[in-house]
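See below for the structure under consideration.
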Amino acid sequence: MSFTAEVKDELSRVEAPTRAAELAQLSALVRICGTLSFHGSGRYSIRVATETGAVARTVIKLTHKLFDLETSLTVRRSVLHKTRNYLIEMPVQEGLDADLVRMGILTPGRGLTPGVPAALVSSPEARAAYVRGAFMAGGFIADPRGEFHLEIAVTGEDYAADLARLVGALGASARLNRRRGAFAIYLKSYDDVSALLRAMGARRMARFVEVARAKKSVKNDVNRRVNAEMANQARSTGAAAEQLELIERAERLLGFPSLPPALRDFCRARRAHPELSLAALGEMLDPPASKSAMYHRFLRLQALVDEAEGSAEKDERP
């Protein structure tokens, strides 16, 4: 089962606290998953299609609980995609037009309602239920072990804008994106995804997202530390190679016996331990020397070698 299906399954088990909230949830489900057909004056039928069993169960449960409507369910298996398709039909029948008005699908005298009816989502419970229904009908959420991404696909710009505002009212910041004639309300941050899951009632899956984020944080921290250590090691290796090359030049031009004792100790220690950093190298000396002291010894040796090479160049001139 995909992560999206798991979230929808949990949402299908959330009980709306009021009848108004149940109506709001059913309205979103029918609006996004349904197809409305007109059969003459005041005569309509609805077909609700979904690939998610949890969505089909919720539509049928709420329809029978809130309205005395005749419904039929057809289940078909797609051979190509190896998935089930659920088709719920509400045929032409008495009272369906009035029930569609109550659901906010139709506006008397105007046809299909362009946005989300304000009266339908006037309470916090109804707003949460409406967004819950919208996600169940057209939502997708990526597995948080990979990325944080949640979206709800809908049609109609007014409707999409109203739904994005509802998501914002639940404490999550949503963006709107046009996609081939449709619209996607999407969230990309952990905080927004987690907040919306909790607001919709998917508390168990919200905890899963939180655990995934904690694991990501630990993994990213380890990776940063490893990368930093590798970078430090690479710098240390490059510095050690430069120091060894300088020591070779010092031995050739000056000879170790002529060097001050501190510089001789530095040269011997570096040759014996080319893999160590300056700080670690200094700790091996007797008495120990700080990283700063070791670096200054390197600079002193560099100055002596440069001076010797300068003198050699003067001697070679005619």
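Of everything listed in (1) surrounded by 12 or more Cβ atoms within 10 Å (Cβ to Cβ); (2) not assigned by TED's automatic domain parsing to the domain that holds residue 139, the single unmet condition for residue 224 is (1). The residues on offer are 246, 253, 197, and the sole one that is closer than 30 Å to residue 14 by Cα and in contact with a Leu (Cβ under 9 Å, 6 or more places away or on another chain) is 197. Counting only helices (runs of 4 or more DSSP H) that sit wholly inside region 191-290, those with at least 3 residues that are more than 19 Å from the chain's Cα centre (by Cα) and within 30 Å of residue 145 (Cα to Cα) are 203-253. For region 271-285, indicate whether the set of residues that are crowded, with 18+ Cβ neighbours inside 10 Å, of a type in the set (A, V, I, L, M) and under 18 Å from residue 237 (Cβ atoms) is non-empty. Yes, region 271-285 contains at least one residue that is crowded, with 18+ Cβ neighbours inside 10 Å, of a type in the set (A, V, I, L, M) and under 18 Å from residue 237 (Cβ atoms).
Highlighted here are the strands (runs of 3 or more DSSP E) found entirely within region 63-155 that include at least 2 residues which are loosely packed, with under 15 Cβ neighbours inside 10 Å, out of contact with any helix residue (DSSP H, G or I) (no Cβ under 6 Å at 6 or more places or on another chain) and free of Cβ contacts under 8 Å to residues at least 60 places away in the same chain: 72-78, 83-90. On the given criteria, is residue 134 at pLDDT 95 or above and not charged (D, E, K, R)? It is true that residue 134 is at pLDDT 95 or above and not charged (D, E, K, R).
Pull up region 210-264, narrow it to residues that are of a type in the set (A, V, I, L, M, F, W, C) and under 30 Å from residue 191 (Cβ atoms), then point me to the one that is modelled with the highest pLDDT. Taking the candidates together, the pick is 211.
The values are calculated or read from the model by the stated rules, or taken from the named source; none is laboratory data. Treat the numbers as computed from the prediction; the structure is a model and nothing was measured. Note: ideal-geometry Cβ built from the backbone for every residue, glycine included; neighbour counts use all protein chains shown.
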